[in-house]
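Chemist: This is the structure, below, for whatever I ask next.
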Amino acid sequence: MAKYKLVPTPGSKVSLKKYDPEFVGSYDKESARAEVDDLRGKLSELQERLYAEGKQSLLVVFQAMDTGGKDGAIEKVFGGINPAGVQVTSFKVPSALELAHDFLWRIHQHTPSKGYIGVFNRSHYEDVLVVRVNKLVPDSVWQKRYEHINHFEHLLADNGTRILKFYLHISKDEQKKRMLDRLRQPDKNWKFSKGDLPVRERWDDYMSAYEDAISNCNTSYAPWHIVPANNKWYRDLMVAKTIVKTLEDMNPTYPSPEEGLDEVVIPD
Ligand code: AMP
Ligand code: MG
């Protein structure tokens, strides 16, 4: 069976052409879906422990081309867990106020508090992706951002936040199929934006920008995962597995109960 390395070696230069978006290992749809159901149960229990412990947090970052499956993965993986313990933030085109600050200002406000899981649908990486491809700032500005990002993520990690970054890797052909679905199915029309077409035209530029973002910011404290995402069920499985494994490794523990609970009598 062909091999697939989900996390590139830190410091290596990533070539996305070497990552097959169709890869599914030895899984089929049915077994993958069943395993995701199982993992959701585990995630739910781990999330409760994380919340009860209140000492660490988890930040999960999703990046992808349009139709790559950011919304779908978030829905499938986090769908069953207590919404009180998860904060999902979608980053859109920055406001005038946000643009009047450094690029991490708006991001920092949404990083998860202790005990919480934070999920980013797009992120500070947009500032080295769309911003670079569309030349929204001079080269000298975005080029410095990789280092700023690494320092920022290191700060979060030092403060008790585990960071997982997922690039949902689809092929250009798969994007076309998904865009056509959005056009043809009335209940999916709202997801189609004509503005996504010029982005598709710059596919190769985006791939280069992603390769640099992943290569320059793939650290031990905030690893990038290149998820084969042409098959939604395999994508969800890889994301769910990675999150559960990480939370198990964080091993949140329930705090010890108050003293003397065995003597407590609840008055009538
Ligand atoms: P969507 O995720 O489909 O709602 O689209 C959000 C849009 O906001 C995408 O076109 C992103 O490229 C854009 N966006 C997000 N962050 C930034 C940023 N920092 N600068 C410019 N555009 C951004
Ligand atoms: Mg969109």
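Chemist: At a 1.4 Å probe radius, which order do Val88, Val131, Val141 fall into by accessible area, largest first?
Modeler: Working: Val88 80, Val131 15, Val141 55 Å².
Of Val88, Val131, Val141, the descending order of accessible area is Val88, Val141, Val131.
Chemist: Additional query: With all protein chains present, how much of the accessible area of the chain (probe radius 1.4 Å) comes from carbon and sulfur, to the nearest whole percent? Spell out each step's value before the answer.
Modeler: Working: 7370 of 14390 Å².
That fraction is 51 percent.
Chemist: Select from His108, Ser90, Gly72 the residue farthest towards the positive end of the dipole of the stretch 22-146; place +1 on Cβ of Lys and Arg, -1 on Cβ of Asp and Glu, and compute about the Cα centre.
Modeler: His108
Chemist: On to the next question. With label points built 7 Å along Cα→Cβ from the Cα atoms of Ser256 and Glu48, find their separation and express it in nm.
Modeler: Each label point lies 7 Å from its Cα, and together they span 2.3 nm.
Chemist: How far apart, in nm, are two points set 7 Å out from the Cα along the Cα-to-Cβ line at Val141 and at Lys92?
Modeler: Label at Val141, label at Lys92, 2.2 nm between them.
Chemist: Could you tell me which of rounded, prolate or oblate describes the stretch 74-212, using a ≥ b ≥ c as the square roots of the eigenvalues of the alpha-carbon gyration tensor, with rounded for a/c under 1.5 and, failing that, prolate when a/b is larger than b/c and oblate otherwise? Intermediate results must be reported in sequence, preceding the final value.
Modeler: Numbers: a/c = 1.89, a/b = 1.17, b/c = 1.61.
Oblate, because a/c is 1.5 or more while a/b does not exceed b/c.
Chemist: Taking GluC sites (Glu not before Pro) as candidate sites, keep only those in a DSSP loop with at most 10 other Cβ atoms within 10 Å, then name the longest stretch of the chain containing none of them. Don't skip to the answer; put the middle values down first.
Modeler: Values: sites that count: Glu258, Glu259.
The reported range is 1-257.
Chemist: Let me ask something else. Hey, can you list the DSSP H helices of the chain whose Cα span along the axis is 30 Å or longer and whose average Kyte-Doolittle score is at least 1.0? The partial results should precede the final answer.
Modeler: On the way: long enough: 29-53 (35 Å, -1.11).
Sorted by number, there is nothing, because no helix extends far enough and scores high enough.
Chemist: For the chain, report the accessible area per residue in Å² (1.4 Å probe, heavy atoms, rounded to an integer).
Modeler: On the way: 14390 Å² over 268 residues.
Spelled out: the 1.4 Å probe surface of the chain, per residue, equals 54 Å².
Chemist: So between Gln109 and Lys191, what do we pick up on full extension, going 0.36 nm a residue minus the alpha carbon distance?
Modeler: Numbers: separation 82, 0.36 × 82 = 29.52 nm, distance 2.72 nm.
Between Gln109 and Lys191, full extension yields an extra 26.8 nm.
Chemist: For Arg132, tell me the accessible area in Å² from a 1.4 Å probe, rounded to the nearest 10.
Modeler: 50 Å²
Chemist: If you take the square roots of the eigenvalues of the alpha-carbon gyration tensor of the stretch 1-155 and sort them as a ≥ b ≥ c, do you get rounded (a/c under 1.5), prolate (a/b over b/c) or oblate?
Modeler: Details: a/c = 1.96, a/b = 1.23, b/c = 1.60.
It is oblate, given that a/c is not under 1.5 and a/b is not larger than b/c.
The values are calculated or read from the model by the stated rules, or taken from the named source; none is laboratory data. This one's a predicted model, so the numbers in the text were calculated from it and none came from an experiment. In this analysis, Cβ positions are derived from the backbone assuming ideal geometry, glycine residues included, and neighbour counts consider all displayed protein chains. Heavy atoms of the whole protein, side chains included, go into the accessibility calculation; ligands, DNA and RNA do not. Shrake-Rupley method; radii C 1.70, N 1.55, O 1.52, S 1.80 Å.
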